[in-house]
């Protein structure tokens, strides 16, 4: 049985939007997106806040996804975000587009991304640039090995993606608790961490000791109620404290 044979009947888009409106938590939206993938013949999804030009770590910008954890780790370890042709396209355009990993690899001049995604049967997909009413830019993607989406499917998914990102923004706005004010140095350290820099590299950039950088990051993590710097960066990004 092919992956296409497993596609389930899709609910009318009006019903999907009404369901989205009733969702209360990120986990609710996560389950909605899993069903959306099944309905459109995709394997995985990702919703991200738009990474900046100096960003190096995809995981720090991810809002919700069902990508395999080891794939995200591998992607970040190889530093593929900063050289991604897809990211460059997302940063300059609000037009949805489809892609396949063979072409992406050709544009990179390297087969590393194709070989990374092939074992998971993630060979092609689509990105939908979005922006919520709070001014946060992001993107929604569906990824798998089914044939390209039709024009009608792209239109439907683009409309749904806008509402998904808006709903996640509303949930974030309701659930983000007030935090102690972060200092300029703490924000600097978080920004450079989001860009993929180590404590030693940040220390050299800012003219500080590595110990001081770690102190700023630990203090920022505590203020953001985070267990480590990665979670602190993710929370700061979602709250709009860093870009």
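All of the numbers you see were taken from the coordinates with simple rules; none came from a lab. All values derive from a computational prediction rather than experimental measurement. Note that each Cβ is placed from the backbone with ideal geometry, even for glycine, and that neighbours are counted across all protein chains shown.
Below are the figures for this structure:
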| read-out | value |
| --- | --- |
| Read-out Rg/Rh (Cα atoms, Kirkwood Rh), derived from the coordinates shown; its label in (1) 0.93; (2) 1.07; (3) 0.99 | (3) |
| Whether segment 184-238 is rounded, prolate or oblate, judged on the alpha carbon gyration tensor where a/c under 1.5 counts as rounded | prolate |
| Efficiency of FRET between residue 66 and residue 212 - r from beta-carbon atoms, R0 45 angstrom, step 0.05 | 0.70 |
| Residues residue 53 and residue 151, FRET efficiency given R0 of 41 Å [Cβ-Cβ distance, rounded to 0.05] | 0.85 |
| Taking segment 128-227 and dividing mean pair separation by its residue count, relative contact order in percent (alpha carbons under 8 Å, at least six apart) | 23 percent |
| Whole-angstrom Cα spans of segment 116-176 along principal axes, big to small | 38, 28, 14 |
| In degrees, nearest ten, helix 184-194 long axis to first principal axis of the chain (Cα) | 40 degrees |
| Principal-axis tilt of helix 229-238 within the chain, Cα atoms, nearest 10 degrees | 60 degrees |
| Helix 26-39 axis, angle to the chain major axis (alpha carbon atoms, nearest 10°) | 30 degrees |
| Taking the chain and dividing mean pair separation by its residue count, relative contact order in percent (alpha carbons under 8 Å, at least six apart) | 20 percent |
| In nm, spacing of pseudo-spin labels at residue 170 and residue 228 (7 Å Cα→C-beta vector) | 3.4 nm |
| FRET E, pair residue 181, residue 201, Förster distance 25 Å, beta-carbon r, rounded to 0.05 | 0.45 |
| Helical mean residue ellipticity (222 nm; -39500 (n - 2.57) per DSSP H run of 4+; nearest 500) of the chain | -15500 deg cm²/dmol |
| Extension gain, residue 133 back to residue 82 (0.36 nm per residue minus Cα-Cα distance, nm) | 15.7 nm |
| Most mobile listed residue (181, 54, 25) in the chain, GNM with C-alpha springs under 10 Å | 181 |
| Mean Cα-pair separation over length for segment 51-174, i.e. relative contact order, pairs under 8 Å, 6 or more apart, % | 19 percent |
| 10 Å binning of all Cα-Cα separations within segment 52-149, expressed as whole percents from 0 upward | 14, 50, 32, 3 |
